[in-house]
1. Could you grab me the full set of residues in segment 233-285 that are of a type in the set (Ser, Thr, Tyr) and either part of a helix (DSSP H, G or I) or over 30 Å from VAL29 (Cα atoms) (or both)?
2. Take the residues in segment 120-153 that are of a type outside the set (A, V, I, L, M, F, W, C), over 28 Å from THR107 (Cβ atoms) and assigned to a loop (DSSP other than H, G, I, E, B), then tell me which one is farthest from ligand 1 (Cβ to nearest atom).
3. What's the total number of residues in segment 191-230 that are at positive phi, more than 14 Å from ligand 2 (Cβ to nearest atom) and either at pLDDT 85 or above or under 21 Å from the mean Cα position of the chain (by Cα) (or both)?
4. Six or more apart or on different chains, Cβ under 7 Å: which pairs go from a residue in segment 178-191 that's touching a residue at least 24 places away in the same chain (Cβ under 8 Å) to one that's aliphatic (A, V, I, L, M) and near ligand 2 (Cβ under 7 Å from one of its atoms)? Could you list them?
5. Does ARG178 meet the test of being touching a strand residue (DSSP E or B) at 6+ places or on another chain (Cβ under 6 Å) and charged (D, E, K, R)?
6. So, in segment 342-362, of the ones that are in a loop (DSSP other than H, G, I, E, B) and surrounded by 11 or more Cβ atoms within 10 Å (Cβ to Cβ), which residue ends up modelled with the highest pLDDT?
7. Restrict the check to segment 165-177 and report whether at least one residue is within 13 Å of ligand 2 (Cβ to nearest atom), part of a loop (DSSP other than H, G, I, E, B), within 22 Å of VAL89 (Cβ to Cβ) and at pLDDT below 95.
8. Restricting to segment 172-190, give me the number of residues that are within 21 Å of the chain's Cα centre (by Cα), hydrophobic (A, V, I, L, M, F, W, C) and away from ligand 1 (no atom under 16 Å from the Cβ).
Amino acid sequence: MPKLYDGWDLRKVDLPPATKLYRLEPVGVGTPLVESLSGHFKRLSSIHCLTPTHLFRETVGPLLAKRYLHTESPGAAIDCASLSRSFSVRSAAINSTGLMAAEWIRTLEQLIVVPNLRHLTLRPWSHVISQRHLIRSHLAWCPCCYHERRLKQEIVYEPLLWFIQSVTICPIHKCRLRTKCSKCKRALHALSRCSEPGYCSECGAWLGENTHLQQPAVGQTADELAWQSFTIETIGKLLAAGDDQSTLPSSTNSLGEALSSLMKSTGKGLGHLAKLIGKPKTTVWGWRNNTSRILLADLLRLCFCLRISPIDFFQMEGNSNRQHRQFLKTQPSAIQRHGRSQRKPIEKAKLQRQLRAIVERKKPPRSLAATAERLGVDKRVLYRHFPELSRLIASRGAAVRGISKQ
Ligand SMILES: [Zn+2]
Ligand SMILES: [Zn+2]
């Protein structure tokens, strides 16, 4: 009796589109510890046995709108051949809400055909949250997380949560996040020529350590831990929501609409809200009229007072809630001690010396904003206290940018 075999199925197989790079799935999607886009790019380099520099040169660099790859030198060529130092300094911005994040998302989605890389950045919140004081300029990490992940043979990666300035403590181990390599004492950029998650990009040292068992929550007061636990939980919910359109503010008017609803339901005015979270009334007016975006730290303070998450805050349209009225009467004590931003006193004489030195340099800075960032102050502070020097730096920066674009 001859054995009969099944016939061949000659229908066309529905093959997924070919991709230039391996399709590397991000870690932790839909959880508070979702991976960051810069960390994902490093892992992507690593699985291709390339450094971030090589992967960038071969794939991402040529596809990007390259405006921000200009070096600061007047008339300098675009540094597409490598991750230049001037780019590395700003590379954490690819995890933020701005244009740079949008360009990297578009390019990487195109290269590895993984949809919705937006949720590896804060881009989903770009309609309402300001870029200012949002993302750290350098890496922060929990040495215990690295240690445990390697011990358990899990993927070593860089969560987006570690990049957020308001987060200073690891949500798992409650230890303070590190910002400098314990071996070479250097701060590390989000992306640099040879970087890999878990290793120092300057000296190559392993950044993991089993320290939390000996020193739990060292140097942290109960208040700081309480504020951090609220901050981490709230931001965690925001990151876990990812790109879920039903929970995201849908337009640049969402902030104003949410505030209007809040004022209507509580019967409180702008002045009350401003006083509650320690901001000038004009700032809250800007949010209400959608002329400015809110700092993440201010949104946290507001949500702390209302005992709700940012997601619920932006969905409270027309919701008359007595609880909110009750909560808005008093400011919680923890916010008074830790939630409020600690304004540093301005050292005017020192700043003036630094600005004069910058003006006298042969190589002018790229912009006043870049100068302000380097000096650790707001651009508006420079304009307020040193209007002439600020205008001079701004106009020279504009001239330099004009030259380099030509
Ligand atoms: Zn940890
Ligand atoms: Zn190092």
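The values are calculated or read from the model by the stated rules, or taken from the named source; none is laboratory data. On a predicted model such as this, the values are computed, not experimentally measured, just so you know. A quick note on method: Cβ atoms are made from the backbone with ideal geometry, for glycine too, and the neighbour counts reach across all protein chains shown.
1. Of everything in segment 233-285, those that are of a type in the set (Ser, Thr, Tyr) and either part of a helix (DSSP H, G or I) or over 30 Å from VAL29 (Cα atoms) (or both) turn out to be THR234, SER254, SER260, SER261, SER265, THR266, THR282, THR283.
2. If we take residues in segment 120-153 being of a type outside the set (A, V, I, L, M, F, W, C), over 28 Å from THR107 (Cβ atoms) and assigned to a loop (DSSP other than H, G, I, E, B), then GLN153 is farthest from ligand 1 (Cβ to nearest atom).
3. Within segment 191-230, residues that are at positive phi, more than 14 Å from ligand 2 (Cβ to nearest atom) and either at pLDDT 85 or above or under 21 Å from the mean Cα position of the chain (by Cα) (or both) number 0.
4. Close Cβ pairs (under 7 Å, with a partner that is aliphatic (A, V, I, L, M) and near ligand 2 (Cβ under 7 Å from one of its atoms)) amount to CYS181/ALA205.
5. Yes.
6. GLU347
7. Within segment 165-177, not a single residue is within 13 Å of ligand 2 (Cβ to nearest atom), part of a loop (DSSP other than H, G, I, E, B), within 22 Å of VAL89 (Cβ to Cβ) and at pLDDT below 95.
8. Of the residues in that region, 4 qualify.
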